Amino acid sequence: MLMSKYLYVVILSILVIIISVGFYILNPIKNISENKNSVVSDTPKNNLIGKNFVWLKSEVSINGEVITPVKKDKYSIIFLEGNKVQILTDCNSGFGEYEIKNDQITFGNINSAEKYCPDSQEGIFYNELISAQSYSLDNDGNLKINIKIGTLYLKEANSSGQVNGAETSFNPLIGKEYRWLRTELQDNQVILPKIQGKFSLVFYEDQKFSVQTDCNSNGGNYSLDENKISLTDIVSTKMYCENSQENIFVRDLQKTSSFEILPDNTLILNLANNLGRIYFR
């Protein structure tokens, strides 16, 4: 009887030790998991990605001057993934980078085509962006960027084919991000992206387009006449990536002469002189 009581106490003590050790082992894991979730939830979300903002006006705080774009629907900023930004003006298109920390925003490494337009306000627009310090969004979709000399006001371009109230003609290419599937050349050569999903093509209002590759962001102008299309004035950020397919991809884009959209929404860009076809979806 005494032995049974002793055995009972020993077993009970062992169970208490096991439960206590388990509690102290699992509790830190739980705390780590909670802390991790807390960090993720506290990370500010980038609420600008995928949005296209058009320039409304700039207010200079030093002298109260208000600068408005002469060509209201020609100046815009398009925020892309990977902290890339495309800048469109009445003269050139360019690419750059941006960084957001809380409500702070900065732009840098801006590259642009070098077409000269004597009456353009492009220089003013670029200089204001470079001097950006912070930003805010209101409930109406307006973007306010505080710059060193004042404030830059922009409005999100809506999805109904309007920019600043100006109607644009129907364009079947706008409103979708096309991913490169393959390129079929005249000599039966087939080129596939080494990294699926890294190459994309997006068309915007005002005959501008952007390209994301496995290395850089690119962009330029396009002209459209029914199913005829040409891609020109392509500029790119300058990062070097070994074994990138960017040069091949951009080279073929520049040869585009027409397009077609299949019922399954596959986009085909036909190269001039029947040199081949580029497939997107």
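The values are calculated or read from the model by the stated rules, or taken from the named source; none is laboratory data. Values in this document were obtained by computation on a predicted structure and should not be read as measured data. A quick note on method: Cβ atoms are made from the backbone with ideal geometry, for glycine too, and the neighbour counts reach across all protein chains shown.
Quick check on Phe95: is it modelled with pLDDT of 90 or more and either aliphatic (A, V, I, L, M) or surrounded by 15 or more Cβ atoms within 10 Å (Cβ to Cβ) (or both)?
Criteria not met by Phe95.
Count, please, the residues in the stretch 101-119 that happen to be buried (at least 16 other Cβ atoms within 10 Å of the Cβ) and at pLDDT below 95.
Of the residues in that region, 4 qualify.
Take the conditions surrounded by 17 or more Cβ atoms within 10 Å (Cβ to Cβ), closer than 14 Å to Asn92 by Cβ, out of contact with any Cys (no Cβ under 8 Å at 6 or more places or on another chain) and hydrophobic (A, V, I, L, M, F, W, C) and apply them to Val211. Does it pass?
Judged against the criteria, Val211 is not a match.
Can you list residue pairs whose Cβ atoms sit under 6 Å apart, with the first residue in the stretch 74-95 being under 12 Å from Gly220 (Cα atoms) and the second being in a loop (DSSP other than H, G, I, E, B) and modelled with pLDDT of 85 or more? Count only pairs 6 or more apart in sequence or on different chains.
Within 6 Å, the pairs are Thr89/Tyr75; Cys91/Cys117; Cys91/Ser120.
Just checking, does the stretch 186-199 include any residue being in the same structural domain as Thr266 (by TED's automatic domain parsing), outside any loop (DSSP other than H, G, I, E, B), modelled with pLDDT of 85 or more and over 17 Å from Lys72 (Cα atoms)?
Scanning the stretch 186-199 turns up at least one residue that is in the same structural domain as Thr266 (by TED's automatic domain parsing), outside any loop (DSSP other than H, G, I, E, B), modelled with pLDDT of 85 or more and over 17 Å from Lys72 (Cα atoms).
Residues of the stretch 217-253 being free of Cβ contacts under 8 Å to residues at least 60 places away in the same chain, buried (at least 18 other Cβ atoms within 10 Å of the Cβ) and in a loop (DSSP other than H, G, I, E, B), which ones?
Passing the criteria: only Gln245.
Within the stretch 140-149, identify whether any single residue is within 21 Å of the chain's Cα centre (by Cα), at pLDDT below 95 and either closer than 15 Å to Val54 by Cβ or not in a loop (DSSP other than H, G, I, E, B) (or both), and answer yes or no.
Taking every residue of the stretch 140-149 in turn, at least one turns out to be within 21 Å of the chain's Cα centre (by Cα), at pLDDT below 95 and either closer than 15 Å to Val54 by Cβ or not in a loop (DSSP other than H, G, I, E, B) (or both).
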